[in-house]
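The next block holds one structure in the form of structure tokens; read it before the comments.
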Amino acid sequence: MNTGTRMGRLATLALLALAAQGAIADDAEIERAREYFTNLELIDQNGATVRFFDDVLKDHVVVVNFIFTNCDGACPLMTHKLTLVRDALETKIGDPIRFVSLSIDPERDTPAAMKAFAETHGANHDGWVWLTGKPENLATIIKRLGQYTDDVSAHSTMMLAGNVNAAHWMKIQPQEMAPQITVKLELLMEDDGGV
């Protein structure tokens, strides 16, 4: 074997080793995200059981809000705002963008109640998941997202948006208008995780 061929093979092996290290780092990062956000089971508006990280967050740009179906104030207003954002991004909903509405009152928010709330407010669309489930699972997840409260009527109307694979998250303040939120989601879609 001549020196050029041997060097070429060594270079190829080195590139494969670097690629493998990158894959391991990516897998490790995904595992850390799964551990942080949890993979607890929740139930969507159609009654299907989903794992929070693997089935809801992973591989998506998400906007997460917190609702309870008996709310007659902020929850309908924030849902309406998100429907405007959804309309602006319609061709991208579901892939890569996903809307996630988490119940903060799972004792009363059945899947049927979540679906009825979504339908009443024009938000029962593909790419928008309405999640309820065991109270302890939702409490754990909502605590991890920094939005937990014991008093559902005093819950935060702040939303969270993130490019899950790039580990890039931002807060969306309740006073932000739909066009501002749309721009934030477009920027998150462009984020490939680079610095």
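The values are calculated or read from the model by the stated rules, or taken from the named source; none is laboratory data. Predicted, not measured: the structure shown is a model, and the values here were computed from it. Here Cβ is always computed from backbone atoms with ideal geometry, including for glycine, and neighbour counts include all displayed protein chains. These area figures cover heavy atoms from the full protein model, side chains too; ligands, DNA and RNA do not enter into them. Shrake-Rupley method; radii C 1.70, N 1.55, O 1.52, S 1.80 Å.
Charge tally around MET114: other residues with Cβ under 14 Å, Lys/Arg +1 each, Asp/Glu -1 each, net -3. Remark on ASN165: its backbone amide H falls under 5 Å from those of ASP59, HIS60, a criterion applied only to residues 5 or more positions apart or on other chains, H modelled at 1.01 Å from N.
Based on alpha-carbon centroids, what's the gap between the stretch 139-173 and the stretch 55-79 in Å, whole number please? Each part's Cα centre sits 10 Å from the other's. 3J(HN,Hα) couplings calculated from phi for the stretch 144-157 with the Karplus curve 6.51 cos²θ - 1.76 cosθ + 1.60 (θ = phi - 60°) are, in sequence order, 4, 8, x, 10, 6, 8, 6, 9, 4, 6, 10, 5, 6, 9 Hz; Gly and Pro show x.
For the stretch 158-166, 3J(HN,Hα) computed residue by residue from phi via the Karplus equation (6.51, -1.76, 1.60; θ = phi - 60°) reads 5, 10, 10, 10, x, 8, 4, 5, 8 Hz, glycine and proline entered as x.
Of the residues THR91, THR120, THR79, the one with the largest accessible area comes first in the ranking THR91, THR120, THR79, computed with a 1.4 Å probe on protein heavy atoms. The packing ranking of peptides 141-151, 62-72, highest mean first, is 62-72, 141-151, where packing means the average number of other beta carbon atoms within 10 angstrom of each residue.
Backbone geometry of the stretch 57-70 corresponds, through the Karplus equation with coefficients 6.51, -1.76 and 1.60 at θ = phi - 60°, to 3J(HN,Hα) couplings of 8, 3, 6, 10, 9, 10, 10, 10, 10, 10, 9, 9, 6, 8 Hz, x marking Gly and Pro.
Rounded to two decimals, what is the ratio between the C-alpha radius of gyration of the stretch 56-166 and 2.2 N^0.38 Å?
0.99
Charge tally around THR49: other residues with Cβ under 10 Å, Lys/Arg +1 each, Asp/Glu -1 each, net -2. Amide H contacts for VAL129 (H built 1.01 Å from N in the peptide plane; partners 5 or more residues away or on another chain; cut-off under 5 Å): PHE99, VAL100, SER101.
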